[in-house]
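The values are calculated or read from the model by the stated rules, or taken from the named source; none is laboratory data. The structure presented is a predicted model; accordingly, all values stated were derived computationally and were not measured. Note that each Cβ is placed from the backbone with ideal geometry, even for glycine, and that neighbours are counted across all protein chains shown.
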């Protein structure tokens, strides 16, 4: 049975509500609390919009969103068309070539997403997955501009990798970015993120 969360999601103009927040990933916690070069500065510069998830008065998670443009190649197309759940949003065969001929596709990027350490360490708590679904609904409800995908640069380091989490939320690796990743790996360059995407489905 899906867990029901008694939470509220509020837009925030700064990180003051996150002063005691810790996700348990040191590099991320350092970024959250660095007032000079971290998350707060990122929000002040209007590079992303910050949303904080509260349970009662406690901040239990946050995410930051911005607009993005997703580049797809022929392998991405095959992956998307192969998924049965995408059938309802893909164009009719007569319109398919026009649809796939675009250079890039409108998307919302999840710049940052973190859940508090207590909930992250609880295997029965799936707040992160719940938040992804809420982001999907928010993105889909945007009537100002078209949005077809969610994208993310998933953290992927020796300390922590978010790739498995995003895969569990039906994100795919961007094949365009995968080619770059393979090239960097070939020459011994250590990347710290993996670009992934998820099609927004009209389930509601």
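Here's the yes/no breakdown for (1) in contact (Cβ under 8 Å) with a residue 24 or more places away in the chain; (2) surrounded by 17 or more Cβ atoms within 10 Å (Cβ to Cβ); (3) within 14 Å of residue 112 (Cβ to Cβ):
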residue	(1), (2), (3)
19	no, no, no
23	yes, yes, yes
28	yes, yes, yes
35	no, no, no
43	yes, yes, yes
49	yes, no, yes
55	yes, no, no
60	yes, yes, no
Index of the failed condition, residue 113 passing every other in (1) out of contact with any strand residue (DSSP E or B) (no Cβ under 9 Å at 6 or more places or on another chain); (2) in contact (Cβ under 8 Å) with a residue 12 or more places away in the chain; (3) closer than 20 Å to residue 8 by Cα: (1)
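Kindly indicate the residue of the range 182-194 that is surrounded by fewer than 19 Cβ atoms within 10 Å (Cβ to Cβ) and touching a residue at least 12 places away in the same chain (Cβ under 8 Å) and also nearest to residue 78 (Cα to Cα) among those meeting that condition. Give the steps one after another, and end with the answer.
Within the range 182-194, the first condition is being surrounded by fewer than 19 Cβ atoms within 10 Å (Cβ to Cβ), and the residues that meet it are 182-193.
If we keep only those that are touching a residue at least 12 places away in the same chain (Cβ under 8 Å) too, we end up with 191-193.
On the way: 191: 26, 192: 27, 193: 23 Å.
Filtering the range 182-194 for residues that are surrounded by fewer than 19 Cβ atoms within 10 Å (Cβ to Cβ) and touching a residue at least 12 places away in the same chain (Cβ under 8 Å), the one nearest to residue 78 (Cα to Cα) comes out as 193.
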Neighbours by Cβ (under 8 Å, 6+ apart or cross-chain): first from the range 90-102, over 14 Å from residue 148 (Cβ atoms); second surrounded by 13 or more Cβ atoms within 10 Å (Cβ to Cβ) and modelled with pLDDT under 95: 96/90
The range 13-27 - residue that is in contact with a helix residue (DSSP H, G or I) (Cβ under 9 Å, 6 or more places away or on another chain) and not in a loop (DSSP other than H, G, I, E, B) and, of those, nearest to residue 153 (Cα to Cα): 18
